[in-house]
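Where a number appears in this text, it was derived from the coordinates with a stated rule and is not lab data. All values derive from a computational prediction rather than experimental measurement. Cβ: placed from backbone, ideal geometry, glycine included. Neighbour counts: every protein chain shown.
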Amino acid sequence: MEKREFIKRLFTAKDCAVNTNRGKAYYDALYKKCKKQLDKLEAAKPVKNIDLQEELKTNGFSRRTFLKWVSATTAMLMLPPTFEPLVAKAAELMNRLPVIWIELQDCAGNTEAFIRNDGPKIEEILLDIISLEYHETLMVPAGYQAEAQLNNAAKHFKGKYILIVEGSVPTAENGIYGTIGASGETFIEHLTGLSKNAAAIIAVGNCATFGGVPAASPNPTGAKGVMSVIKGKPIINIPACPANPINIVGTILLVVLKGQIPELDSLLRPKWAFGYRIHDNCERRAHFDAGEYVEEWGDNRAKNNFCLYKMGCKGPMTFNNCPIVRYNEAVNWPVGAGHGCIGCSEPEFWDKYAFERPIADANIKAPAGGVESSVDQFGLGILGLAGAGIVTHAAVSAIIGKKSKSKEEEKEGDKDE
Ligand code: SF4
Ligand code: SF4
């Protein structure tokens, strides 16, 4: 994609818009469809004989805590509260879903994000409920035994399993940079073979979705995301570095609930999770609007949680729900902890966004109507258009810069006297 075109797309990105106002008739029809799907699933035999309620009880979760989680998850999935009983049912029926999870060119960070908790949480218990037939990092068998388990699962659940892929696909020199198993099968062959009989593929993390860090220039292994290699299969992309476990569980839950893949944007990301920019929900946004920016790491503005745009935050160009769902059991998220967003849920993020300065070629121009008119535009909520925000940022901070400079000059003057 041409660089300029890429930036233009980020600034317009109509395909990413979330329609949250679909009307009663739409939700009534959807409710009926989901109910029918869940009834069908309930009649089917569980793939794994684990009962969610039993598991919750064993791990010390009360029914009340579970219902609170259901309520929050329903809202997170952008469904009305009437869907709560269906979401609870879908969680209970996740044991009907066979899943094969493979790792290609990766650091296993997405798996790690799932399992690194102080204690089990509901998402992690749901990972136990899903019939996870194969997962190289988590499973006990290794070597030939692991290969046999994979082949058996793929054969037994032919056409029914969800294939979760973590890691990029090295495609240079016929894929020799990544091989697996005794046969020396390349990652391309491994992925292609398992994709053939999968019901759907979920690519998790930036490597599996867009090539990630292995695809950074000069990309010696020819790393690509799954969607660039596999054609003709339903693919859902859950990018980020790592993908948020909540987004993985939420997407699987929607697949169980609706019996189909959720609504996706043009980069195959579920709109419920990637329909908004980081900037749209950032807790530092009021400072952006007021033209208050951190100018240097550790300065007083940083200590007061001012906006990180001038320190290179790419929140205005990045679609993800981090400010809402956060990481590590919702304790915090990167911008909350004091570092700008590096756009890890966007294609080619390592080369395009992962540096600590604002994008130089974003075509920033001073607004024609002057600063005041841009401030009004912010007030009207036009800031969904990040381009307008950046234009205003440039102009507003120029004024602020001048003001603070003159204050400093005044102080200097006072000292001299
Ligand atoms: S530029 Fe970054 S820190 Fe500033 S409001 Fe937007 S997302 Fe938040
Ligand atoms: S804040 Fe930005 S860089 Fe950080 S995890 Fe979210 S999308 Fe990725």
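Within 15 Å, Cβ to Cβ, of Ser183, how many net charges do the neighbouring residues add up to if Lys/Arg are +1 and Asp/Glu are -1? Counting the neighbours of Ser183, the net charge comes to -3.
The calculated FRET efficiency for the pair Ala290 and Ala75, based on their C-beta separation and a Förster distance of 30 Å, comes to about 0.55. Taking 7 Å steps out from each Cα toward its Cβ at Ala200 and Asn49 produces label points 2.9 nm apart. Positive contributions from Lys and Arg (+1) and negative ones from Asp and Glu (-1), summed over other residues with Cβ under 9 Å from the Cβ of Glu103, come out at -3. Once you order the gyration tensor axes a ≥ b ≥ c over the Cα atoms, which shape class does region 20-273 get: rounded for a/c under 1.5, otherwise prolate or oblate by comparing a/b with b/c? The shape class here is prolate. Summing charges over all other residues whose Cβ lies under 11 Å from the Cβ of Ile230, with Lys and Arg as +1 and Asp and Glu as -1, gives +4.
Nearest 0.05, what FRET efficiency do Lys32 and Thr179 give at R0 = 56 Å with Cβ-Cβ as r? Can you show the working numbers first?
Values: r = 48 Å, r/R0 = 0.86.
Approximately 0.70, to the nearest 0.05.
Here region 20-273 is assigned +1 on the Cβ of each Lys and Arg and -1 on the Cβ of each Asp and Glu. Its dipole about the Cα centre then comes out at about 1260 debye. Remark: spin-label model distance Glu84-His339 equals 3.8 nm, labels positioned 7 Å along the Cα→Cβ axis. Once each part is reduced to its C-alpha centroid, what is the distance from region 185-216 to region 93-166 in angstrom? For region 185-216 versus region 93-166, the Cα centre distance is 14 Å.
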